[in-house]
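Note sheet for the following structure.
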Amino acid sequence: MADRKRPLLPFALIALAVLAVLAFAAGDAATAWAQSSTYPQTTLEPKSEVARAIDNVLDGIVIWVIIIFVVVQAALVFTVARFRQRPGGAPARHMHGNTTLEIAWTLAPAIILAFIAVPTVKAIFANAKPTKGDVTVRVVGHQWWWEFQYPGMGILTANELHVPVGKTVALELESVDVIHSFWVPAFAGKKDLIPGRTNHLWFTPEETGTFAGQCAEFCGASHANMYFKVVVQTQEEFDAWAAQQKAPVAAPDSASLAARGLAIYQKGQCVACHMIDGVSYGVVGPNLGKVSTRATIAAGMFPNDDENLAAWIRNAPALKPGSLMTRQDQLSDEDIAALVAYLRTRR
C-alpha cells in the first residue's frame with residue numbers, strides 16, 4: 001500500500017528529461033544519417049544562400065516544436081501527478097472555465113506562430129526576387145529526363161548540370177509534357193516546371209562537388225527514376241567543360257567498328273528522336289552529341305559504361321518503365337556493340 005502512495009512527480013520528471021534527451025539525440029542521428037553517402041539528397045547541409053535561408057527557417061521551427069513538446073508534456077505530467085485520485089482521498093475538485101488560462105492558451109500559439117511566420121515570409125520574399133545570373137540555363141523537363149540548354153554558349157546537354165562555383169546560376173524552368181518539379185536539396189527549394197509557362201529559380205553554389213537532384217512532382221510511371229546531377233566546378237574546370245562540349249567531333253575511321261555504328265545509327269530509329277550535330281536532329285530524346293562525357297545514362301539511373309549502354313539500347317522500357325525509347329529487337333549483338341563504339345566517340 002505504501003508503494004501505491006509514492007509520489008509520481010520525481011518519476012515523471014525523470015521520464016520527461018529522458019524524452020527531451022531522446023528528442024535531441026534523434027535530431028543528431030537524423031543529421032548524421034542525412035550527411036552519409038547513403039542518402040545524399042539532404043536539406044540539412046545547405047551549400048548555397050537560398051538553401052541556408054530555408055535551413056534556418058527549419059531550425060527555428062524545430063526549436064519551437066521542441067519547446068512546445070517539453071512545455072506540454074511537463075504540464076501534462078504535473079497535472080497527472082498533482083491532481084490524480086489518491087486511494088482513500090477526496091474526489092478531485094472539478095472546475096469549469098478559467099479566463100486567465102483561456103487567454104494564455106490563445107495568445108501563446110499566436111505569438112509562437114508570429115515567431116515562425118516572420119522569418120518564413122522574409123525567406124520567401126528574399127529568395128523569390130528576380131536576379132540576373134552569371135550563368136543562365138534553360139531547364140526543360142521531359143518524361144523522364146532533363147534537358148539543359150546554355151543560351152549564348154551553344155551548349156545542349158542532358159541530366160548533368162555543370163555550373164561554376166561562386167557564380168549565381170539563373171534557371172529558366174519549362175516543361176514539354178506534364179508538371180515536373182526541379183529540386184536540388186543542397187542548393188534551393190523545389191520549383192515546378194509547368195507546360196506553357198516559364199518559372200525561375202536561382203542559387204549560388206558555395207563549394208565544388210557533385211550534388212544529387214530529383215524531380216519532386218509525380219509525373220508518371222518513372223517519376224522516381226527522373227534524377228539529375230549538378231556538377232559544381234572551378235571556373236577553369238567549367239570553361240574546359242564548356243570548350244569540350246562545343247568542340248567538333250571527328251568522324252570515325254571508315255574501317256572501324258564505330259563507323260559501322262554510325263551507319264546503323266543513321267539508318268535506324270535513333271535519328272527520329274535524338275540530336276547529334278550534322279548527323280540527326282530529333283528532339284524527343286536527349287541530345288547525344290557528347291553523350292560519352294556524362295557519368296550516367298537514363299537520367300542518372302545507370303553508370304555510363306559499355307554494358308549498361310548496350311542494355312539500354314537493346315530494351316530501354318525493361319529498365320525504365322514508360323520509356324519512350326522502343327525495343328531494338330531487330331539489332332544483333334554485333335550491331336549494338338557497333339552503336340556503343342560509335343557513341344563512345346561522342347566526347
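Throughout, read-outs are computed from the coordinates displayed, never taken from laboratory work. Everything quoted here is computed from the prediction, not taken from an experiment. Reconstructed Cβ throughout: ideal geometry from the backbone, glycine too, with neighbour counts over all protein chains shown.
Using the Cα centre as the reference, give the magnitude of the dipole from point charges on the C-beta atoms of the chain (Lys, Arg: +1; Asp, Glu: -1; all else neutral), rounded to the nearest 20 debye. Spell out each step's value before the answer.
Numbers: 29 positive and 29 negative charges, 308 e Å.
Charge dipole, the chain, about its Cα centre: 1480 debye, nearest 20.
Length available on full extension from Q244 to S292: 0.36 nm per residue minus the Cα-Cα distance, which gives 16.1 nm. Treating r as the C-beta distance of D177 and L101 and R0 as 51 Å, the FRET efficiency rounds to 0.35.
Run the dipole for the range 135-244 about the Cα centre, Lys and Arg Cβ at +1, Asp and Glu Cβ at -1, nothing else charged, and hand back the magnitude in debye, nearest 20. If you can, show how the numbers build up before the last one.
Working: 6 positive and 12 negative charges, 49 e Å.
Roughly 240 debye, rounded to the nearest 20.
Just going by the charge dipole of the range 135-244, with Lys and Arg at +1 and Asp and Glu at -1 on Cβ, which of W183, G154, Q235 is farthest out on the positive end? Of the listed residues, the answer is W183. Charge dipole of the range 221-347 (Cα centre as origin; +1 on each Lys and Arg Cβ, -1 on each Asp and Glu Cβ, all else neutral): 280 debye, rounded to the nearest 20. At a Förster distance of 22 Å, what's the computed FRET efficiency of M153 paired with R347, Cβ-Cβ distance as r, to 0.05? For M153 and R347, the calculated efficiency is 0.75.
Work out how much length T234 to A128 would gain on full extension: take 0.36 nm times their residue separation and subtract the Cα-Cα distance, in nm to one decimal. All intermediate terms of the calculation are to be shown ahead of the outcome.
Working: separation 106, 0.36 × 106 = 38.16 nm, distance 2.66 nm.
Working it through step by step, the gained length comes to 35.5 nm.
Our note on the geometry: Cα centres of the range 168-217 and the range 56-131, 36 Å apart.
Return the subset of K229/K267; K246/K267; K191/K229; K47/K246; K191/K246; K167/K229 for which the Cα-Cα distance in this structure is over 23 Å, preserving the input order.
Among K229/K267; K246/K267; K191/K229; K47/K246; K191/K246; K167/K229, the Cα-Cα distance tops 23 Å for K229/K267; K246/K267; K47/K246; K191/K246.
I need to check one value: relative contact order of the chain, counting alpha carbon pairs closer than 8 Å and at least 6 residues apart, in percent.
Working: 553 pairs, mean separation 49.3, N = 347.
Rounded, it is 14 percent for the chain.
Using per-residue counts of other Cβ atoms within 10 Å, averaged over each peptide, order 300-309, 64-73, 221-230, 155-164 from highest down. Each step should come with its number before you reach the end.
On the way: 300-309: 15.6, 64-73: 13.0, 221-230: 19.4, 155-164: 21.7.
Answer by packing, highest mean first, reads 155-164, 221-230, 300-309, 64-73.
Computed FRET efficiency, Cβ-Cβ of I111 and S254, R0 56 Å: what is it to the nearest 0.05? Can you show the working numbers first?
Values: r = 78 Å, r/R0 = 1.40.
Efficiency for this residue pair is about 0.10.
Listed options for semi-axes √(5λ) of the Cα gyration tensor in Å are [x] 58, 23, 17; [y] 53, 25, 16; [z] 32, 22, 17. The value calculated from this structure is the one marked [x]. For the chain, what does -39500 (n - 2.57) per DSSP helix run (n ≥ 4), summed and divided by total residues, give at 222 nm, in deg cm²/dmol to the nearest 500? My calculation for the chain gives -13500 deg cm²/dmol from helical runs alone.
Rank the residues V140, V57 as a footprinting-exposure proxy: fewest other Cβ atoms within 10 Å of their Cβ go first.
On the way: V140 20, V57 17.
Ordered by Cβ neighbours within 10 Å, fewest first: V57, V140.
Highest-first packing order for the peptide set 190-199, 312-321 is 312-321, 190-199, based on the mean count of other beta carbon atoms within 10 Å. What residue among F78, L101, V50 has its Cα farthest toward the positive end of the dipole of the range 36-112, where the charges are +1 on Lys, Arg and -1 on Asp, Glu, each on the Cβ? Ranked along the dipole, the leading option is F78.
Out of all DSSP beta bridges in the chain, what portion is antiparallel? Express it as a percent rounded to 5.
On the way: 29 of 42 bridges.
Taking every DSSP beta bridge with both residues in the chain, the antiparallel ones total about 70 percent.
Helices assigned as whole DSSP H runs in the chain whose Cα atoms extend at least 24 Å along their own long axis and whose mean Kyte-Doolittle hydropathy is 0.0 or higher are found at 9-35, 49-82, 99-128. Label separation (E307 vs R138): 3.9 nm, computed from points 7 Å beyond Cα along the C-beta direction.
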